[in-house]
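Quick one: the structure is below, questions incoming.
The values are calculated or read from the model by the stated rules, or taken from the named source; none is laboratory data. Everything quoted here is computed from the prediction, not taken from an experiment. Ideal geometry is used to build each Cβ from the backbone, glycine not excepted, and the neighbour counts take in all protein chains shown.
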Amino acid sequence: MTTAQAQATLYHDIPEARDVKVAIAGVDVHYGDKQALFDVSMQIPDRSVTAFIGPSGCGKSTFLRCVNRMNDTIDGAVVTGSLKIDGTEINDKTIDPVVLRASVGMVFQKPNPFPKSIYDNVAYGPKIHGLAATREELDGIVEQSLVKAGLWGEVSDRLTDPGTSLSGGQQQRLVIARAIAVNPEVILMDEPCSALDPIATAKVEELIDELRENYCIIMVTHSMAQAARVSQMTAFFHLGNLVEYGPTEEIFTNPRERRTQDYITGRFG
Amino acid sequence: MSVISLVALALLVMVAGGFYMGRTRAIKQVAGRSSELHSLPNYYGYYVALWTGFPALLLLAAYGLFGAASTHSWTVAELRAQAHEMSAQFEGDLAANSEYVQLESTLESLELTVNGLREELARLRRANDADRDPHLIQLRLEEQRSSRALLALAGTSIEDYRTGVATGMLVTARETGVAASIRAGFFLTHSDIVRAELFMSDARKIARGETPSELLPELEIVASRLTDHQNTLRNSVGLLVLALAAIALLWTRSQIQPQFRARNNVERLTTVLLIAASILSIITTIGIVLSMLFESMRFFSIIPIQDFLFGLHWSPQIAIREDQLGQSGAFGAIPLFAGTAMITLIAMLVAVPIGLFSAIYLSEYAAPKFRTIAKPVLEVLAGVPTVVFGFFALLTVGPAIRALFTSLGFESAVTQSALSAGLVMGVMIIPFISSLSDDVINAVPQSLRDGSYAMGATRSETVVHVVIPAALPGIFGAVLLAISRAIGETMIVVMAAGQGANLTANPLESVTTITVQIVALLTGDLEFEGPKTLSAFALGLTLFAVTLLMNVIALRVVQKYREKYD
Ligand SMILES: Nc1ncnc2c1ncn2[C@@H]1O[C@H](COP(=O)(O)OP(=O)(O)OP(=O)(O)O)[C@@H](O)[C@H]1O
Ligand SMILES: [Mg+2]
């Protein structure tokens, strides 16, 4: 084990008063012959925002996809090591990824509403998982999710319009509403604001900050400022290694690793 | 070697020479320092070569396209003119003959007399009993009788006179050896189009050295005219082509200077060339459509369009023999439309589910390795000639269906049925649908699938709720294209569906389709001008209109769909 990794593992203690939601130990990811992640271990707290930063290709998305087993859908991707959510091992043959994904939502870089109405987009998850017994219940879930995603006011009178008819920022909040409609415990976001303009970004950031009250949010971002604004914990990845992980303030004001310092100050990346 | 191939060869040499000359002249003008030229040296070569070759080639192509036709019409026009001149001369000779003019005026005055007498007699007979003069009537009657006899005599002598003069002219014609060509000219002027065309095709056969259906002196004379004119036309076109090429070569070569923008000019020429090619194909299409439209109009002038479009009875066969009783031909196309629709429907019932499901399997479920093998295999099906499907339907599927349904108690089942044609056509169309749908399904962005999987949906939930709805417009387009393919498909139905124009909803009966009837109408004994043959054009036009409409809709839908995801 290199010193960097040793330090990173050392430094994954979580600030008091926060429960560990996701506990990762010794995760390696291979794409065919190519190893994309090397022995990553960290503990991610509940009810907070954890940001993954690092230069392009360092494995942030790969790591994020481990948490909801989306790597299973990629041919040749092999994930080894231990990933526990609330103490339950999820990187295990016996766990059905389809069930897992109902409790680990994901929001992608590019808004990807389904070719359906706004209503049906949000109702998609509840419908396939049978969360609503009656139409009224479903209506309630859709409304609540849209309210939580801060979109209700804008779309309440046009629920039957296609989801694709919304603006990019609205679409991104729509897919966040879609994700929270199944009441997940963890929400993964892969660069959720990179396709949005500053105003839409601000809205989504605000939303993320609100959602933190109830969910464990893990987000990948290329914006240092965004990581600093919305996250409580920050992890810095480099070349497939977790270099440093800790409370956001410390990472940004007083990084322990030179590589982290260089990256944050924009000296490489 | 024929003259034309010699000309083509010479043209080729000139083009090559033009390239070389253009290039060397450009280089020479800057004394070998190519960088001082506006364009690369080759462009000067291309410029000269293109101008040398292109217009000359166009002329040559025009000759190839229209040469035979113009030789033909030239010859026919000439023969007709000769015949016309002959009759003009005949009338002129008669008019110049005082004896004949005398005869004619006698005839005319006799006619007047006879007419006058007839009127007078009628007046006399209408008079009241009191005023009636039987004696006068008797007198006029006798006068009339004698005038009539004189008139008849005058008529005969005029006829005799005309015959005499004509015979004299014919004798002269025979002596000078033009009798045959004049007879040919008269024939071509006065016979109907079909017989004239048969006559000319025999003449062409003789000109080519083949055996005609009959050997007449007229035919031989026309054949030799054809050959002469063909040679004249060919030689002058050949000369013209070479002259055009030479002028273009010299002219463009003289244009070459270091500052000459050869590259831009070549660019422009190439554009013109490409435009010409696409215009040619468009014009061809328009030409085909127009000729179809024209012939259909002729058909609709015989059979009213509403009788054609809404008539329930189709039996065009009877028009062959006119002596058959009570047969005027029935051209109600509804049975054909219904047959076409039924077979298409059966084919779609087979092809759409199977094609779509295999597309879904291939694009969503199959391992990449399986996919790389299975997809081409499926597409091989599209390469099987339709006639093979046709005899498969006729010899295997048809009898099997009949055996199955007779054993189930349907005694009326026949070998040639809509069902067997539809089933086999469906199989033929499967790769069409699967390949097109596979493309549109693959065009559904992966991000949508990821989104659905991330929501905890299974693969089939994702397919049903996300992928298919997203691909639906494209799939719809694919199905429409397949339908228009099915409607236009001929070989399978010709072999497997039978000929009976039954208006039935029973797929076990034999039905007929638009395409089958077109084949039936245009093969075998033809009555050229009759509504029977013309109806084929009307059917063709209908077919064209329907498939065009489908394709337009399909392409628009697919295009819209593309825009959505680009
Ligand atoms: N589907 C795949 N197949 C093979 N290799 C992959 C695949 N996805 C990612 N990789 C490789 O794994 C490594 C990490 O990729 P990943 O997408 O996780 O990077 P990232 O940190 O998210 O980068 P970015 O910031 O550009 O999104 C890269 O080297 C990439 O080439
Ligand atoms: Mg990424």
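Among the residues of the range A:221-236, is there at least one that is away from every other protein chain (no Cβ under 14 Å), more than 16 Å from ligand 2 (Cβ to nearest atom) and of a type in the set (Val, Ile, Thr)?
yes
Counting just the residues of the range B:430-447 that are touching a Phe, Trp or Tyr at 6+ places or on another chain (Cβ under 8 Å) and surrounded by 20 or more Cβ atoms within 10 Å (Cβ to Cβ), which one comes out nearest to the other protein chains (Cβ to nearest Cβ)?
By that ranking, first place goes to B:444.
Can you find even one residue in the range A:215-224 that is among the polar types (S, T, N, Q) and crowded, with 20+ Cβ neighbours inside 10 Å?
yes
If you don't mind, there's one more thing I want to ask. Being surrounded by 22 or more Cβ atoms within 10 Å (Cβ to Cβ) and not in a loop (DSSP other than H, G, I, E, B) is the filter here; which residues of the range A:103-125 pass it?
A:104, A:105, A:106, A:107, A:118, A:121, A:122, A:123, A:124, A:125
Residues are listed down the side, and each one gets a yes or a no for (1) modelled with pLDDT under 95; (2) more than 16 Å from ligand 2 (Cβ to nearest atom); (3) of a type outside the set (S, T, N, Q); (4) surrounded by 21 or more Cβ atoms within 10 Å (Cβ to Cβ):
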| site | (1), (2), (3), (4) |
| --- | --- |
| A:5 | yes, yes, no, no |
| A:8 | yes, yes, yes, yes |
| A:11 | yes, yes, yes, no |
| A:15 | yes, yes, yes, no |
| A:21 | yes, yes, yes, yes |
| A:45 | yes, yes, yes, no |
| A:57 | yes, no, yes, no |
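Take the range B:229-248 and flag every residue that is in contact (Cβ under 8 Å) with a residue 24 or more places away in the chain and of a type in the set (A, V, I, L, M).
Result: B:233, B:237, B:240, B:241, B:242, B:244, B:245, B:246, B:248.
Looking at the range A:60-80, which of the residues that are over 15 Å from residue A:97 (Cβ atoms) and within 15 Å of ligand 2 (Cβ to nearest atom) is nearest to the other protein chains (Cβ to nearest Cβ)?
Among those that are over 15 Å from residue A:97 (Cβ atoms) and within 15 Å of ligand 2 (Cβ to nearest atom), it is A:61.
Here is a further query. Kindly indicate the residue of the range A:67-89 that is near ligand 1 (Cβ under 10 Å from one of its atoms) and not charged (D, E, K, R) and also surrounded by the most Cβ atoms within 10 Å (Cβ to Cβ) among those meeting that condition.
Within the range A:67-89, the match that is surrounded by the most Cβ atoms within 10 Å (Cβ to Cβ) is A:71.
Restricting to the range A:33-43, give me the number of residues that are away from ligand 2 (no atom under 16 Å from the Cβ) and either within 20 Å of residue A:82 (Cα to Cα) or under 17 Å from the mean Cα position of the chain (by Cα) (or both).
6
Of all the residues that make up the range A:197-214, how many are farther than 9 Å from residue A:49 by Cβ and in contact with a strand residue (DSSP E or B) (Cβ under 6 Å, 6 or more places away or on another chain)?
Residues meeting the conditions: 0.
Taking the residues in the range A:126-141 that are under 25 Å from the mean Cα position of the chain (by Cα) and outside any loop (DSSP other than H, G, I, E, B) as candidates, determine which candidate is farthest from ligand 1 (Cβ to nearest atom).
A:141
Per-residue answers, yes or no, for (1) of a type in the set (A, V, I, L, M); (2) modelled with pLDDT of 90 or more; (3) not in a helix (DSSP H, G or I):
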site	(1), (2), (3)
B:352	yes, yes, no
B:356	yes, yes, no
B:362	yes, yes, no
B:371	no, no, no
B:374	yes, no, no
B:379	no, no, no
B:382	yes, no, no
B:394	yes, no, no
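Which members of the range B:42-94 meet the condition of being more than 17 Å from residue B:231 (Cβ to Cβ), among the polar types (S, T, N, Q) and surrounded by 14 or more Cβ atoms within 10 Å (Cβ to Cβ)?
B:42, B:52, B:82, B:87, listed by residue number.
Please identify the pairs in which a residue from the range A:67-81 that is in a strand (DSSP E or B) has its Cβ atom under 7 Å from the Cβ atom of a residue that is within 15 Å of ligand 2 (Cβ to nearest atom) and of a type in the set (Phe, Trp, Tyr), counting only partners at least 6 apart or on another chain.
These pairs meet every condition: A:77/A:31.
Cβ-Cβ below 8 Å, separation at least six or inter-chain, first residue in the range A:103-121 and facing chain B (nearest Cβ under 7 Å) and within 16 Å of ligand 1 (Cβ to nearest atom), second of a type in the set (D, E, K, R) and in a strand (DSSP E or B): which pairs?
Sorted first by the residue in the range A:103-121, then by its partner, the pairs are A:106/A:190; A:108/A:190.
Another question about this same structure. Can you pull out the residues in the range A:92-102 that are free of Cβ contacts under 8 Å to residues at least 40 places away in the same chain, within 8 Å of chain B (Cβ to nearest Cβ) and buried (at least 17 other Cβ atoms within 10 Å of the Cβ)?
A:98, A:100, A:101
What number of residues in the range A:221-238 are in a strand (DSSP E or B), more than 13 Å from ligand 1 (Cβ to nearest atom) and not aliphatic (A, V, I, L, M)?
1
Also: For the range B:448-485, which residues satisfy the criterion of being touching an Asp or Glu at 6+ places or on another chain (Cβ under 9 Å), within 13 Å of chain A (Cβ to nearest Cβ) and of a type in the set (Gly, Ala, Ser)?
B:452, B:460, B:474
Could you grab me the full set of residues in the range A:187-220 that are outside any loop (DSSP other than H, G, I, E, B), in contact (Cβ under 8 Å) with a residue 40 or more places away in the chain, more than 14 Å from chain B (Cβ to nearest Cβ) and away from ligand 1 (no atom under 16 Å from the Cβ)?
Of everything in the range A:187-220, those that are outside any loop (DSSP other than H, G, I, E, B), in contact (Cβ under 8 Å) with a residue 40 or more places away in the chain, more than 14 Å from chain B (Cβ to nearest Cβ) and away from ligand 1 (no atom under 16 Å from the Cβ) turn out to be A:203, A:206, A:207, A:208, A:209, A:210, A:211, A:216, A:217.
Here is a follow-up. Determine the pairs where a residue that is surrounded by 20 or more Cβ atoms within 10 Å (Cβ to Cβ), located within the range B:458-483, has a partner that is not in a helix (DSSP H, G or I) with Cβ atoms under 6 Å apart, the partner being 6 or more residues away or on another chain.
B:466/A:114; B:467/B:444; B:470/A:115; B:470/B:444; B:471/B:444
Identify, from the list A:94, A:164, A:160, the residue that is within 29 Å of residue A:44 (Cβ to Cβ), of a type in the set (Val, Ile, Thr), more than 16 Å from ligand 1 (Cβ to nearest atom) and not in a strand (DSSP E or B).
Going through A:94, A:164, A:160 in turn, the sole match is A:94.
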